[in-house]
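The structure's right below; bear with me while I get my questions together.
The values are calculated or read from the model by the stated rules, or taken from the named source; none is laboratory data. Please read these numbers as outputs of a predicted model, since none were measured by experiment. Note that we place each Cβ from the backbone using ideal geometry, even for glycine, and neighbour counts take in every protein chain shown. Heads up: the accessible areas ignore ligands, DNA and RNA and are worked out on the full protein's heavy atoms, side chains in. Shrake-Rupley method; radii C 1.70, N 1.55, O 1.52, S 1.80 Å.
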Amino acid sequence: MKPETIKIIHIDSNHPLLWNQLEEAGFQNEADFISTKEEIEAKIHNYHGVVIRSRFKIDKTFLDKATNLQFIARVGAGLESIDCDYATEKKVHLIAAPEGNRNAVGEHAVGMLLSLMNKLNRADRLVRDGKWVREGNRGFELEHKTVGIIGYGNMGKSFAKKLRGFDVTVLCHDILPNIGDENATQVSLEELQQKADVLSLHLPWTPETDKMINTNFINAFAKPFWLINTSRGKNVVTADIVTALQSGKIHGAGLDVLEYEKLSFENLFIDSEKPAAFEYLLQAENVLLTPHIAGWTYESHEKLAQTIVDKIKKKYE
């Protein structure tokens, strides 16, 4: 089909270039950022493509009503908000953009790690409170440490590349074989756990990775380590991380994502009482928290949109 015959509904707002370049290429754009999922489902049969971030889950009900759907484009790295198996069964082409924010995620992970190891946030807070504490804020150097990366796709590789100037040993583990490169040596999970001083997670959220980082997993590490998670919050058991922080098994944790996030990634829970583990994280001086912004830079906003445009256009060449 030619672009002129393709109707695309945009369910979330994105960088303007996405809309503009699709329009210039001849695609028919329509936007609906307000309607409920049910209201979108009532008219989705009119469209050939959907552009979404994370507003709601695209499930079997949605896909069954999308009788003319040819593609779903998610302006982000992962596709966990989409029933990918059912979409594939219905011959709906899936598009994501991990290339668009991999650099941002890699830089954010390095920033979190350096901040934790050098106690920058704690030191800053104390100075602001009028306390000039030097010995109590003595940090650790990254040089000669071993950094373990679990998940060696776009994000993991970006992080490893950023580490090249630090004179560290970088190990990676992934379910796919033979993906190590000049920046990281691929090893078994057991070897990574024996050698790592730092663990950085770059995993999708799947049934296999759900609650993967638990007490048994943590205790399998031979040495205490720093933990960085810029992947998905539900890959870890927060209460088990807290236990490890309290015991010293985890030196410090940089968490850009939380187990308690909503699927839309836009909010935390709205419960009146926060879980005890979360309350601990909020008070801990060796914990750094950011609101799922590792891939959320001005540059990645544009690069994500451009990646999606390029992939949609390529489908209809």
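Net charge around residue 125, counting only other residues with Cβ within less than 12 Å of its Cβ (Lys, Arg = +1; Asp, Glu = -1)?
For residues surrounding residue 125, the net value is +1.
Also, quick follow-up: Determine the share of the chain's accessible area contributed by carbon and sulfur atoms, expressed in whole percent, with a 1.4 angstrom probe. Don't jump to the answer; show the numbers that get you there.
Values: 7970 of 15850 Å².
Ligands and nucleic acids excluded, carbon and sulfur reach 50 percent.
Also: Mind listing the phi-derived Karplus ³J(HN,Hα) values for the range 122-136, rounded to whole Hz, using 6.51, -1.76 and 1.60 with θ = phi - 60°, and x for any glycine or proline?
Per residue, the Karplus-derived 3J(HN,Hα) values read 5, 4, 4, 5, 5, 4, 4, 8, x, 10, 9, 9, 9, 4, x Hz.
Moving on. Using Cα atoms only, what is the angle between the long axis of helix 98-117 and the major principal axis of the chain, expressed in degrees (0 to 90) to the nearest 10?
20
Something else: Take the cross-link list 262/314; 7/303; 60/234; 65/315 and give me the ones stretching past 26 Å between alpha-carbons.
262/314
Of the options 152, 33, 133, report the single residue whose Cα projects farthest towards the positive end of the charge dipole of the range 1-160 (beta-carbon charges: Lys, Arg +1; Asp, Glu -1).
It is 133.
Between 199, 114, 126, find the one with the highest GNM mean-square fluctuation for the chain; connect C-alpha pairs within less than 10 Å.
126
Given Cβ point charges of +1 (Lys, Arg) and -1 (Asp, Glu) and nothing else, what value in debye, to the nearest 20, does the dipole of the range 147-217 about its Cα centre take?
Values: 6 positive and 9 negative charges, 49 e Å.
Here the size comes out at about 240 debye.
Long-range amide H contacts for residue 180: which residues qualify at under 5 Å (H placed 1.01 Å from N, peptide plane, sequence gap of 5 or more or a different chain)?
For residue 180, whose amide H was placed from the backbone, the distant partners under 5 Å are 186.
Take residue 38 and residue 216, extend 7 Å from each Cα along the Cα→Cβ direction, and tell me the distance between the two endpoints in nm.
My value for the distance between the label points is 4.2 nm.
Between 277, 294, 109, find the one with the highest GNM mean-square fluctuation for the chain; connect C-alpha pairs within less than 10 Å.
Ranking 277, 294, 109 by mean-square fluctuation puts 277 first.
Still on this structure, please answer the following. Give the calculated FRET efficiency between residue 313 and residue 89 to the nearest 0.05, with a Förster radius of 25 Å applied to their Cβ-Cβ distance. Write down the numbers at each step before the final one.
Values: r = 25 Å, r/R0 = 1.02.
The formula returns an efficiency of 0.45 here.
Taking H as built 1.01 Å from N, whose amide H comes closer than 5 Å to the amide H of residue 213, not counting residues under 5 places away?
Result for residue 213 returns 236, 237.
Another question, if that's okay. How big is the charge dipole of the chain about its Cα centre, in debye rounded to the nearest 20, if each Lys and Arg gets +1 on its Cβ and each Asp and Glu gets -1 on its Cβ? Don't skip to the answer; put the middle values down first.
Details: 38 positive and 44 negative charges, 74 e Å.
Computed charge dipole of the chain: roughly 360 debye.
What lysines sit close enough to residue 223 to cross-link, taking a C-alpha to C-alpha distance under 23 Å and skipping anything fewer than 8 places away on the same chain?
119, 145, 195, 211, 249
Rounding to the nearest 20 debye, state how big the charge dipole of the range 36-132 is about its Cα centre with +1 on each Lys and Arg Cβ and -1 on each Asp and Glu Cβ.
Details: 16 positive and 13 negative charges, 91 e Å.
Using Cβ point charges on Lys, Arg, Asp and Glu, the range 36-132 gives about 440 debye.
Using amide H atoms built 1.01 Å from N in the peptide plane, name the residues 5+ places from residue 287, or on other chains, whose amide H lies under 5 Å from its own.
Placed amide hydrogens put 253 under 5 Å from residue 287.
Could I ask something else about it? Pairs of Cα atoms under 8 Å, at least six residues apart: use those to get the relative contact order of the chain, whole percent. List each step's numbers first, then the result.
Working: 582 pairs, mean separation 57.6, N = 317.
The value is 18 percent.
Keeping every protein chain present and rolling a 1.4 Å probe, give me the accessible area per residue for the chain in Å².
Numbers: 15850 Å² over 317 residues.
Counting only protein heavy atoms, the per-residue value for the chain is 50 Å².
List the chymotrypsin sites (Phe, Trp or Tyr not before Pro) within the range 68-167 that fall in a DSSP loop (any state other than H, G, I, E or B) and whose Cβ has at most 15 other Cβ atoms within 10 Å.
Values: sites: 71, 86, 132, 140, 152, 159, 166; in loops: 132, 140, 152.
Qualifying residues, ordered by number: 132, 140.
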